[in-house]
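The values are calculated or read from the model by the stated rules, or taken from the named source; none is laboratory data. Predicted model only: the values in this text are computed from it and were never measured. Cβ placement follows ideal geometry from the backbone for every residue including glycine, while neighbour counts extend to all protein chains displayed. Accessible surface areas use protein heavy atoms only, side chains included; no ligands, DNA or RNA. Shrake-Rupley method; radii C 1.70, N 1.55, O 1.52, S 1.80 Å.
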Amino acid sequence: LPETQKQIGRVINSIYTLLLISIFIQYINPSFSFLRIFNASDIVTPMGHRAPGTFEWVYNTCGVLGLYLIFCLTKLFVYKQKKYMIPIFFSLIAIFISQSKVGYVATLFSVGYLGFLLVIFGFRGGQTLIICMLSLFIASIFLVLASGIEISHISRFIDFITGDGKIDGSTLTRLRQANLAWDTGIENWLYGKPGSYEKVIENAYLDYFYRYALFGLFTVVTFVVLLIFSSFLILKQTAKLTRKYSTLNSLLFSCHVSIVSMAFYALAGNPFDGYKIGFFIALIFGLQAGFGWKKHSH
């Protein structure tokens, strides 16, 4: 198992290092042609400068980065491996410059939830984690602002919620989609509109309500609840058994927290049946179930 842990750690660090490099290259040089192989989205848009790395949408990138962030945080605060401070910092910067509002909320929730899990499962570092991460997040914001990084997408949203009445394009689009999905779902509450693919609804819950009525909404909510509940049971059964294995335990925590955070990301897209992100969710649940069950069975 120690050698397996090293291999897992090397794979995780290598994959996420490449993802972070791709994000920062896109941000510095949006026209870099090689990365267009993995991502066809425009980096500079009317909604701001947003680098999604190898994914199509920045909120999916934040969701994937969330797993690595939680993995590194567990390594640092539970197992005192200080070398993970560097990837934590760069992961936070990458999430911040994504300008994804749901990414911000899901990240803050994920860190707080990890701290809560560490406390209830009897691991050290939970309370310290919450305090330190809030401080680091605030410090990262000031650092980015001082460096002049462009965050027009977020600044327009802040202006709107503080009362100037000018809503940003992303929020306006989603409000229109939500109104359409709700009105259509209520009107067709029994059968829905399963063939209506001319409209994009960037909200998993409303998308299923729009297309498949109450049955669709019930199905997706039930799926999310069962997925989270199953993931929590696996973590509960294995967390203390794997306590001494830093990489395995960090992976189990990060997989569960990432699955829970997807309930937030579902408010901005459909991560459960999306192209790349859907595979990612299946992968992390499979990893958690596979490693957790293998260790628990011993």
query = Hey, if we sort Ile138, Ile234 by accessible area with the 1.4 Å probe, largest down, what's the order?
reply = Ile138, Ile234
key: Per-residue HN-Hα couplings for region 88-104 [Karplus 6.51, -1.76, 1.60; θ = phi - 60°; Hz; x = Gly/Pro]   = 4, 4, 5, 5, 5, 5, 4, 5, 5, 6, 5, 6, 8, 5, 5, x, 5
inquiry  = Under a crude label model (7 Å from the Cα following the beta-carbon direction), how far is Phe109 from Leu241 in nanometres?
reply    = 2.9 nm
ask   = Do any of Lys199/Lys276; Lys6/Lys101; Lys6/Lys75; Lys75/Lys101; Lys82/Lys276 go past 23 Å between their Cα atoms, and which?
value = Lys6/Lys101; Lys75/Lys101; Lys82/Lys276
task = For Phe229 and Gln5, compute 0.36 nm times the residue count separating them, minus their Cα-Cα distance, and round to one decimal in nm.
result = 78.0 nm
ask   = If R0 is 51 Å, what FRET efficiency do you get for Ile138 and Tyr191 from their C-beta distance, rounded to 0.05?
value = 0.55
Theoretical gain in end-to-end length, Asn13 to Gln81 [0.36 nm per residue, Cα-Cα removed] = 23.1 nm
key: Alpha-carbon spread of region 178-249, three principal axes, descending order, Å   = 54, 20, 19
task = Would you please put 66-79, 176-189 in order of how densely packed they are, using the mean number of other Cβ atoms within 10 angstrom per residue and starting with the highest?
result = 66-79, 176-189
